[in-house]
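Written out below as C-alpha cells is the structure these notes cover.
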Amino acid sequence: MTNYADVFGDGPLPKMVVFDLDYTLWPIWSDVNVSPPVKPGKTTDYVVDRSGDKISFFKDVPAIITELKSRGIKVGAASRTDAVQTATKMLKLLHIDGKSAIEHFDILQIYPGSKITHFSYIKEETKIPYHEMIFFDDESRNKEVEYELGVKFMYVSQGVTWQLLKSGIKEWRVHREEYASGAKKARRAARL
C-alpha cells in the first residue's frame, strides 16, 4: 500500500499534472500498436483492439490520478499521437473509480504537433502558470517544455509510478523555488 504522505510530503503541490499517453499512462503507442476499433473488455480496467490484444493503464496510474484529483490537483493529457480517435476512445472506455477515465481529466490536448503548442493551449484554458505544472512523458525531446516554457518535465521510462510521482513533486518544488527566485527565468532567457 502506498503511503500518500510520503509521496506528497509537506509543502506546496503543483496546480496541474499533465501526462503524455503512450508509454506513460499505458504500455503501447496508440498509433502503432493498436488495431482499431477498440471496444470494452469484460471489465472496465482494459480494452480490446481488433486483433484481440488487451490494453490497460500501467498498474499505478488509476490510483495516482484518483489521488491527484482528491488533492485538488488538475489533471491533463498532452499527446501528439496520430491516432486521436483511438486514444480518446480508450480514455472513454477505461475506467477509474467507477467512471470513465476521460472524466478525470480537466483538459485534453491529443493531436499531432508540438508539446509547446499543447501547453500554450493548456495555459490559456486553465490560467495556470507554466511553473505550477509538472509534465510526465516518455520522450526526452519533450523536455523543451521546461527549457522554453518553464513546465517541470519528468522523464518516464516504464510508465508513471508512485516513486516517479514522488520524485516529480520533489523536483518540482526545487524548480518552483528557482523559478520564483528568477534563476530559472534567467537561464531560460540566456538560452533563447
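The values are calculated or read from the model by the stated rules, or taken from the named source; none is laboratory data. Nothing here was measured: the structure is a model prediction, and the numbers come from that model. We place every Cβ from the backbone using ideal geometry, glycine too, and count neighbours over all the protein chains shown. Just so you know, the surface numbers come from the protein's heavy atoms only, side chains and all, with ligands and any DNA or RNA stripped out. Shrake-Rupley method; radii C 1.70, N 1.55, O 1.52, S 1.80 Å.
Here's the yes/no breakdown for (1) of a type outside the set (A, V, I, L, M); (2) modelled with pLDDT of 95 or more; (3) open to solvent by 30 Å² or more (accessible area, probe 1.4 Å); (4) in a loop (DSSP other than H, G, I, E, B):
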residue: Thr86; (1), (2), (3), (4): yes, no, no, no
residue: Phe119; (1), (2), (3), (4): yes, yes, no, no
residue: Ile122; (1), (2), (3), (4): no, yes, no, no
residue: Phe136; (1), (2), (3), (4): yes, yes, no, no
residue: Gln158; (1), (2), (3), (4): yes, no, yes, yes
residue: Leu165; (1), (2), (3), (4): no, yes, no, no
residue: Ala186; (1), (2), (3), (4): no, no, yes, no
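Considering only residues in region 138-152 that are more than 13 Å from the chain's Cα centre (by Cα) and open to solvent by 40 Å² or more (accessible area, probe 1.4 Å), the one that is nearest to Tyr23 (Cα to Cα) turns out to be Ser140. The sole residue among Lys99, Lys92, Lys127, Lys115 that is buried (at least 17 other Cβ atoms within 10 Å of the Cβ) and either more than 26 Å from Val7 (Cα to Cα) or of a type in the set (D, E, K, R) (or both) is Lys115. Cβ-Cβ contacts under 8 Å between residues 6 or more apart (or on different chains), taken from a first residue in region 97-119 that is farther than 19 Å from Thr86 by Cα to a second residue that is modelled with pLDDT of 95 or more and loosely packed, with under 15 Cβ neighbours inside 10 Å, are listed as Asp97/Thr66. Selection of region 49-80 for residues being of a type in the set (Phe, Trp, Tyr) and buried (at least 19 other Cβ atoms within 10 Å of the Cβ) yields only Phe57.
Can you name every residue in region 135-152 that is free of Cβ contacts under 8 Å to residues at least 60 places away in the same chain and within 13 Å of His118 (Cβ to Cβ)?
Those that are free of Cβ contacts under 8 Å to residues at least 60 places away in the same chain and within 13 Å of His118 (Cβ to Cβ): Glu144, Val145, Glu148, Leu149.
Return yes when Val34 is assigned to a loop (DSSP other than H, G, I, E, B), surrounded by 13 or more Cβ atoms within 10 Å (Cβ to Cβ), in contact with a strand residue (DSSP E or B) (Cβ under 7 Å, 6 or more places away or on another chain) and aliphatic (A, V, I, L, M) and no when it is not. For Val34, the condition - assigned to a loop (DSSP other than H, G, I, E, B), surrounded by 13 or more Cβ atoms within 10 Å (Cβ to Cβ), in contact with a strand residue (DSSP E or B) (Cβ under 7 Å, 6 or more places away or on another chain) and aliphatic (A, V, I, L, M) - is met.
Among the residues making up region 61-84, those that are hydroxyl-bearing (Ser, Thr, Tyr) and in a helix (DSSP H, G or I) are Thr66, Ser70.
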